[in-house]
Amino acid sequence: MSAPVVPKGVAHVAIDAQDSPEPIVFVLLPNLSMLAFTSAIEPLRIANQLTGQSLYTWTTMSEDGANVRCSNGIEIGIDRALGDTPSDSRIFICSGVQPELSTSNKVADWTRKQWRMGRTVGALCTGTYTLAKAGILAGHKFTLHWENIAPFREHFPDLDPVEQLYTMDNRVLTCGGGSAATDLFFKLIYDTHGPVLAQAVLNMCLHTVQRSETDRQQSSTSASIGVRNEKLVRIINHFEEHLDDHINLDIVTEELGISRRQMERLFRHYLDITPKKYLQNLRLQRARILLAETNLAVVDVAVACGFESAAYFSKRFREAFGMSPHKFSTGHV
């Protein structure tokens, strides 16, 4: 493991002397999310700083030991290539955009070996793809970044991620990435060293709200659209849950107990759009994600997003994004 990092600071939290630090291993994949990685590692640094002790040590690894470039273009130095780890290690696979391209057999095989040797394994953001490829997620609760949940289900149809900030299921730890990594590592610090240190770490991170494991990654529908009308929110939630189905608006209104005219008025009044256009936009956004994050053919994406035909889908996609879905999927513009 790397040498202990115990920076000096003004704030201090007194705790009993610890016998040995807990080793954390971060396996960095190409195009990883720098935000997720730093949101995980900084709480560990702050815990060491606040206590003046080496509570945690951390090591960065990559497949071949070479430095890794994040999705923002910044290169991160690597301590060493994949190899042996201490028996009490917690190992986190850190990924980001286009995870299916950065998830290699070598890293998945190494991760599976660590798991079988009794290590705790985890994933930040889309590192969950590696855990899935390693075959260790079946029967476990897990998550990943909300934007990648639909593509993940296409890649691994037998696995069902949950849309929440983070999960802790025995020796499998996952989070949605971004600042959710801070929430996960705050919980790890809390469980090991108690609420006083954990709250101090939270304050140092200016992370003023202690979020729970089951909190959603995204804002509620009402918050995201800036509307609290209960009927409108119910309609939109219904749309989002059935994007891959044929949605008959008349049947939707009947199921939700409102008239078609009332539905039209709600969308026009609050969102200045028709229900049909709003639903189409939701489907196009889902299609854009699938085209960017999977190798699905255009026709398969059209079906997965509820479009009546590939030709109709292609026309609407070009109108919305200025290029054909085929060009977008091959060029990732």
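Every number here is computed from the coordinates shown, using simple stated rules; none is lab data. Worth saying up front: this structure is predicted, and the values here are computed from it rather than measured. Every residue, glycine among them, receives a Cβ derived from its backbone with ideal geometry; neighbour counts consider all protein chains shown.
Quick look at the values:
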item	result
Rh by Kirkwood over Cα pairs, then Stokes-Einstein D for the stretch 51-135 at 1.002 mPa s and 20 °C, µm²/s	157
Residue-span extension gain [residue 250 to residue 170] - 0.36 nm each, minus C-alpha spacing	24.2 nm
Debye, to nearest 20: dipole size of the stretch 22-204, +1 on Lys, Arg Cβ, -1 on Asp, Glu Cβ	300
Crossing angle, helix 230-241 versus the chain [Cα axis fit, 0-90 degrees, rounded to tens]	80
Two-decimal log10 I(q)/I(0) for the chain, as the Debye equation yields it once each C-alpha is a single scatterer, q = 0.10, 0.12, 0.13 Å⁻¹	-0.67, -0.90, -1.01
Residues of the stretch 201-218 with amide N under 18 Å of a point placed 7 Å along Cα→Cβ from residue 5	201-202, 204-206
All lysines inside 21 Å of residue 106 as judged from Cα atoms, apart from same-chain residues fewer than 8 positions distant	133
Per residue, the convex hull volume that the Cα atoms of the stretch 22-204 enclose (Å³)	108
Estimated FRET transfer efficiency (residue 203, residue 242; beta-carbon r; R0 51 Å; 0.05)	0.75
The stretch 103-167 and the stretch 1-74: distance between their alpha carbon centers, rounded to Å	22
Taking the convex hull of Cα positions in the stretch 221-331, its mean projected area over all directions (nm²)	7.0
Value at 222 nm in deg cm²/dmol, rounded to 500, when DSSP H runs of n ≥ 4 in the chain each add -39,500 (n - 2.57)	-13500 deg cm²/dmol
Angle between the chain longest axis and helix 275-293 axis [Cα atoms, degrees, rounded to 10]	40
FRET efficiency estimate (nearest 0.05) - Cβ-Cβ, residue 229 to residue 15, R0 41 angstrom	0.25
Helix 105-116 axis, angle to the chain major axis (alpha carbon atoms, nearest 10°)	60
Difference of contour (0.36 nm per residue) and Cα-Cα distance, residue 109 to residue 158	15.7 nm
Kirkwood Rh (inverse of mean 1/r, distinct Cα pairs), the stretch 291-333, angstrom	10.2
Efficiency of FRET between residue 196 and residue 116 - r from beta-carbon atoms, R0 51 angstrom, step 0.05	0.90
